[in-house]
Amino acid sequence: MRIIVFGATGGVGRQVVRRAREAGHDVTAFVRSPEKVTDREGIRIVQGDAFDADAVAAAIAGQDAVVSCLSSSAPMKPSDEITTMVGNIVDGMRTSGVERIAYCASLGVDGELTGLIGRGIQWMLRHPLADHRAALDRIDSAGLDRTIARPSSLNDKEFGPYVEAFDGAPESNKPIPRASVADFLVKALEQPDAYRGASVGLAARGA
């Protein structure tokens, strides 16, 4: 499968590039700063800015699927950066006839966190969650074939087993390694029948 990764130099994005390459896919990393790509073996690097609609569309042409691991440069402030970048991806996918996208958001993007702590987390993350929500609405309005990952808090531990919640949040909400989130995003592309249209909460499996 030919997969292009946006946000490929971020914590999850780097792991997606690595996992997809290890799985034998043809991987393109779309990056603003190629010097930040430290492991280049077996991947194609395209330099560009996700705010540049023409560059995004050109990079998507010829791909089979897209992975978005984009984030805002100012996550604690109101922003539409993610919405704008994802809007360019959506337009590029429609132009090239690419239908499949796996998207990394966060727990809370569906308003699924409950209780005092959950509501507090959603309030603290209200700005990036709102930006992700608007971006996902753009994807859904375009009728694309999408899978959403909603990971709990992230860490840089080695890959470990994880739980998937198709409805609401995982019971444990244990922090999850970025490598595990990447594994899910690639798996979702490889198994579209199992994950098509799903919004899946992810957390590390409890002991």
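The values are calculated or read from the model by the stated rules, or taken from the named source; none is laboratory data. Since this is a predicted model, take the numbers as computed values, not measurements. Every residue, glycine as well, gets a Cβ built from its backbone with ideal geometry; the counts of neighbours run over all protein chains shown. Side chains included, ligands, DNA and RNA excluded: accessible areas come from the protein's heavy atoms. Shrake-Rupley method; radii C 1.70, N 1.55, O 1.52, S 1.80 Å.
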Q: Scan the stretch 142-157 for residues that are in contact (Cβ under 8 Å) with a residue 40 or more places away in the chain and under 25 Å from GLY97 (Cβ atoms) and report the count.
A: 7
Q) Quick check: is even one residue across the stretch 107-127 of a type in the set (Gly, Ala, Ser), at pLDDT 90 or above and not in a helix (DSSP H, G or I)? A) yes
Q. For the stretch 91-104, how many residues meet the condition of being buried (at least 23 other Cβ atoms within 10 Å of the Cβ) and within 26 Å of ALA165 (Cβ to Cβ)?
A. 4
Q.
Checking ALA188 against (1) modelled with pLDDT under 95; (2) touching a helix residue (DSSP H, G or I) at 6+ places or on another chain (Cβ under 9 Å); (3) not hydroxyl-bearing (Ser, Thr, Tyr): exactly one of these is not met. Which one?
A. (1)
Q: Taking GLY48 as the residue in question, decide whether it is out of contact with any Cys (no Cβ under 9 Å at 6 or more places or on another chain), open to solvent by less than 50 Å² (accessible area, probe 1.4 Å), over 22 Å from LEU185 (Cα atoms) and of a type outside the set (Val, Ile, Thr).
A: yes
Q) Which residue pairs have Cβ atoms closer than 6 Å, lie 6 or more positions apart in sequence or on different chains, and pair a first residue in the stretch 95-118 that is at negative phi with a second residue that is open to solvent by 20 Å² or more (accessible area, probe 1.4 Å) and modelled with pLDDT under 90? A) LEU113/ILE121; LEU113/GLN122
(Q) Whether any residue in the stretch 34-49 is touching a residue at least 40 places away in the same chain (Cβ under 8 Å) and farther than 18 Å from ILE89 by Cα is what I want to check. (A) no
Q. Here are ALA53, ALA57: which of them is among the small types (Gly, Ala, Ser), at pLDDT 95 or above, touching a Ser or Thr at 6+ places or on another chain (Cβ under 9 Å) and open to solvent by less than 50 Å² (accessible area, probe 1.4 Å)?
A. ALA57
Q. If ALA165 satisfies every condition in (1) without any contact (Cβ under 8 Å) to a residue 60 or more places away in the chain; (2) more than 23 Å from ARG94 (Cα to Cα); (3) crowded, with 21+ Cβ neighbours inside 10 Å; (4) of a type in the set (Gly, Ala, Ser) but one, which is the exception?
A. (3)
Q. Among the residues of the stretch 64-76 satisfying the criterion of being touching an Asp or Glu at 6+ places or on another chain (Cβ under 9 Å) and not acidic (Asp, Glu), which is farthest from SER180 (Cα to Cα)?
A. ALA74
Q. Can you tell me which residues in the stretch 150-195 are in a strand (DSSP E or B) and more than 19 Å from ARG21 (Cβ to Cβ)?
A. ARG150, PRO151, LEU154, ASN155, TYR162, VAL163, GLU164, ALA165, ILE176
